1. How far is the Cα center of region A:141-203 from the Cα center of region B:164-236, in Å?
2. How big is region A:133-268 on each of its three principal axes, counting only the C-alpha atoms and giving the largest first in Å?
3. If each DSSP helix of 4+ residues adds -39,500 (n - 2.57) and the sum is divided by the residues in the protein assembly as shown, what number results at 222 nm, nearest 500 deg cm²/dmol?
4. Give the shape of region B:218-323 as rounded, prolate or oblate, defined through the alpha-carbon gyration tensor: a ≥ b ≥ c are the square roots of its eigenvalues, a/c under 1.5 means rounded, and otherwise the shape is prolate if a/b is larger than b/c and oblate if not.
5. Would you mind checking the pairs B:52/B:345; A:147/A:221; A:81/B:322; B:134/B:322; A:81/A:147; B:71/B:126 and listing those with alpha carbons more than 18 angstrom apart?
6. Calculate the dipole size of the protein assembly as shown relative to its Cα centre from +1 charges on Lys and Arg beta carbons and -1 charges on Asp and Glu beta carbons; express the result in debye to the nearest 20.
7. Note the full-extension length gain between residue B:53 and residue B:352 as 0.36 nm times their separation in residues minus their Cα-Cα distance, in nm to one decimal.
8. Could you tell me the calculated FRET efficiency between residue A:168 and residue A:37, based on Cβ-Cβ distance and R0 = 35 angstrom, to the nearest 0.05?
Amino acid sequence: MSRLVKSFLNVNHSRHDGIHRAETILENVRAGRVVDDLESWVESALDHPSWAIRNIAVKVVRLASLKIHAHRLCKMLLDMKQVGFIRRNAACALAEIGVGCPETLQSLEKALDDPYWEVRTASARSLASLVSPDRRLEEILISRIFKDPGHLNLKLPIIFPGRIYRERNFEVRMAMTWALGTCAETPRSLQAIRLLIQDDNWKVRNTALEAVCIIRLQRVKLKSEIDAILTNIDLSSTDFEPVFQIRQTWNCLNHSMGSSGNSRAGGD
Amino acid sequence: MLYALLNWLHEISVSPSFFRLFGYITFRSILAAVTAFFICLIVGPPFIRYLKRLHIEDIAWGYGIVQTQGKTGTPTMGGFLIFFAIGISSLFWCDLTNRYVQILFFAVIWFCILGFVDDFLKYRHKSKTGLKAKYKLIAQCMFGILLGIIYLNPVLSPVEYEFARLLYSPFLKTPVADLGLGYAIFIALTVTAISNSVNLTDGLDGLAVVPSFFVAAVYGIFAYVVGNYILADYFLFEYLPGSGEIAIFCSAIFGAGMGFLWFNSYPAQIFMGDLGSLGLGGILATIAVLIKQEFLFLIAGGIFVVEAASSLLQRYIYIPIKGRRLLFRAPLHHTFQHRGLAETKVVVRFWIVSAILALISLSALKIR
C-alpha cells in the first residue's frame with residue numbers, strides 16, 4: 001500500500017515538474033529567447049502521457065513555427081483521443097505552420113465536423129486565413145452552416161432562423177461566415193450571407209456584414225448582388241460599448257500635452 | 001436602541017399610545033427598510049468621496065490613453081456602506097436582547113472583517129488576488145462551526161436542541177433528517193457555499209445586490225411566519241418564538257440593498273467588493289440556518305447557485321480535467337456577455353429571473 005502511495009506521489013511530483021518545465025519553455029519561446037534542445041523536447045512532449053504537456057508542446061510548435069511538425073498536428077487535430085484544447089490549439093497552429101503541407105486543408109475541413117465547438121471555430125478561422133476564393137470550400141462551409149442548401153432560396157425575413165442552421169453554436173457560425181467571405185467564389189456565398197444577415201445574434205450579423213465587405217473588395221463583379229443584400233438588414237443590437245465622455249476628454253488633453261501631464265488618471 | 005426607548009415609553013404611558021405601533025414587527029420592518037435606505041442615500045456620496053481620497057479604487061496608476069469604456073477608478077469596498085446601513089437600522093429597530101439578532105450581529109462582524117481583510121490585501125498589493133482562497137474557506141468554515149456550536153448549545157441557542165438538530169426541506173412538513181451534532185458540519189458547508197456563491201456572482205454592476213435583497217425579502221417573510229404563532233400554526237411550521245426579529249433584520253438588508261443600488265446601478269459609482277459580497281452571502285446563510293430554511297436558498301438564490309455551479313464546473317472539472325470548456329466563459333453572466341448581450345441587459349434579466357425564483361420560493365409557504 002505504501003509503495004502504491006509512494007509511486008503515486010512520485011508520478012504526481014514528476015508530472016508537476018514536467019508541466020513546470022514545459023511552461024518555462026513556453027515562456028522562453030514566447031519571449032523570443034533561445035531554448036536548448038527545443039526540437040527534441042517538442043518531439044518527446046508531443047507524445048507525453050499528460051495532456052497538459054502535449055498542449056503546451058502544440059503551443060510551442062506554433063510560436064516557434066516548427067513547420068516540421070505540421071503533419072503531426074494534422075493527426076492530433078483529427079484524433080478524438082486528444083482533449084479539446086489540444087485539438088483547438090492544433091487547428092490554430094496549422095494556420096501558421098501548415099502552409100504548404102498538403103494535409104492541412106483536408107484536416108481543417110474535416111475538423112469542421114468536430115464535436116467540440118472551439119475546434120470547429122479554430123478550424124474555420126484557420127481555413128479563412130489559408131485559402132483564397134475556392135468554390136469547393138465554399139460549398140463545404142455552406143453545407144456545414146445550413147441543414148439544407150435548398151434553404152438558400154428561402155424568402156426573407158425568416159421567422160425561425162434557428163431551424164435552418166445545422167451549426168447551432170453562434171461562435172462557430174461567426175467563424176464560418178468569415179471564412180465564407182474569404183473563400184467566396186460564386187453568388188451562392190452571397191445567398192448564404194443573405195440568410196446569415198438575418199441571424200438572431202447580432203455578432204453573427206456583424207460578421208456577415210464584414211464578410212460582405214471582403215467579398216465587395218475581392219469580387220467587384222458581384223456588386224449588384226451585394227446591393228440587393230444590403231437593402232434588408234437588421235441593424236439592431238443587444239450590445240453596445242459605452243463612451244464615457246470624461247475619459248475621451250482626458251485622452252484629448254493627454255494627446256495634446258504629449259503624455260506629459262502631471263495629473264493622475266485611471267488608466268485601464 | 002430606539003426600539004427599547006419607544007417600548008419603555010409605551011409601557012409608562014397610561015393610555016394606549018402611539019408608541020404601541022413600535023411593538024409590531026411589520027411596522028418596525030418597514031421602518032428598518034426605510035432607515036437603511038436613507039442612511040445609504042445620505043452617507044453614500046461622502047463615503048464614495050472618502051474612498052476616492054484614500055485611493056481605494058479599481059485603478060491602474062500612470063499616464064497615457066485610457067479606455068473610454070472602462071470602469072477603472074471606481075471606488076470599491078462599498079460593502080461598508082451596506083453594513084453600516086444594516087447595522088444602524090438594526091440597532092434602531094431590532095430588539096437587541098433577542099438571541100437571533102445577537103447571532104446576526106456576530107455574523108455581520110465576522111464577515112465584515114473577513115471581507116475587509118480580502119479587499120485590503122487587494123488594495124495594498126494592487127492585485128486581483130487578496131486573501132488566499134484556502135484562508136477564506138477556513139474562515140468561513142470556522143464561522144459555520146461556531147454558528148453550529150451556538151445553535152446546538154441549549155444555553156446559547158434560541159431554539160431547543162431537539163429541534164435545532166433537525167433538517168427541514170421546502171415543500172415538506174416533516175423534517176427530512178436528524179443530523180444530531182453533525183448539523184454543525186452541515187451549517188459550515190451551508191455558510192461556505194452560500195457566501196462563496198454570492199461572491200462569485202458579484203461580477204457586474206448591480207448583479208449581486210438585487211438577487212441578495214430578493215432572497216432577504218423571502219427569508220424575511222419566512223422569518224415573520226415562523227415567528228408568529230398564528231401564522232406558523234396555519235402554515236404548519238414549527239413556531240420559533242422571537243424569530244420575527246429576523247424579519248426586521250431582513251428588511252434592513254432589503255433597504256440597504258436598494259440604497260446601495262442607487263449608487264451601484266450601471267455605470268457603478270461604487271463596487272461592493274468582497275466585503276459586500278462575502279458579507280451578504282454570509283448573513284443570508286446565517287438567516288437560512290436560523291429559520292431552518294437552508295435548502296430554500298437553492299430556489300430563492302437560484303441565480304447564485306447556478307453562477308457558482310457554472311464557475312466551479314468550468315474551473316475545477318472541465319478545464320483542468322477534461323481539457324475543454326463547458327461554457328464560453330464562467331461564471332454564467334460572462335457567457336451571456338460573450339454571446340453579445342450588453343452588461344445592463346444581462347443584469348436586468350438576472351434580476352427578473354431572481355424575482356421569479358423569489359416568488360416560486362414563497363410558494364413553499366403554502367405548498368407543503
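Where a number appears in this text, it was derived from the coordinates with a stated rule and is not lab data. The shown structure was predicted, so the numbers you read here are calculated from the model rather than taken from an experiment. Methodologically, a virtual Cβ is constructed for each residue, glycine included, from the backbone with ideal geometry; neighbour enumeration extends over all protein chains shown.
1. About 48 Å separates the Cα centre of region A:141-203 from the one of region B:164-236.
2. 64, 32, 25 Å, listed from the longest principal axis down.
3. Working: 28 runs with 398 residues, N = 636.
Computed mean residue ellipticity for the protein assembly as shown: -20000 deg cm²/dmol.
4. Working: a/c = 3.16, a/b = 1.47, b/c = 2.15.
The shape class here is oblate.
5. Over 18 Å apart, Cα to Cα: B:52/B:345; A:147/A:221; B:134/B:322; A:81/A:147.
6. 1100 debye
7. 104.0 nm
8. Numbers: r = 45 Å, r/R0 = 1.28.
Rounded to the nearest 0.05, the efficiency is 0.20.
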